[in-house]
Amino acid sequence: MEIRGVLNEGGLFGERQGWHLPGFDTSNWTTRDLIEGLPDSKAGVGFFVTTFNLTVIQGSDVPMSFTFEEPLGQPYRALLFVNGWMMGKRVGNLG
């Protein structure tokens, strides 16, 4: 059994509510393209989710990478979760 404790969790409200965990129901969330950013272009924190099929043999320890195609200089930070585990961070204006 895997246990997520304080060293695996951040302090964002969405993380404390489990929004990043597999199976969390986001069906009543507003659908929007990531490029739209936050409502009214205000500063703040947004939580965006997506799903995709990932074919990896169960129990395997497999390296992953993320590719970002937008130009550097975009003012955002992203925490990247896969199946509830934080797999990386991205600061858009640093790379």
Next item on the list: Name every residue in region 57-90 that is surrounded by 10 or more Cβ atoms within 10 Å (Cβ to Cβ) and of a type in the set (A, V, I, L, M), in order of residue number.
Entry: 64, 72, 78, 79, 80, 82, 86, 87
Item checked: Answer residue from region 1-48, given it is basic (Lys, Arg) and open to solvent by less than 100 Å² (accessible area, probe 1.4 Å) and is modelled with the highest pLDDT among those -> 32
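The values are calculated or read from the model by the stated rules, or taken from the named source; none is laboratory data. Here the structure is a predicted model, which is why all the values come from computation and not from measurement. All Cβ positions, even for glycine, are placed from backbone atoms using ideal geometry, and neighbour counts span all protein chains on display. Ligands, DNA and RNA are excluded from the accessible area calculation, which covers all protein heavy atoms including side chains. Shrake-Rupley method; radii C 1.70, N 1.55, O 1.52, S 1.80 Å.
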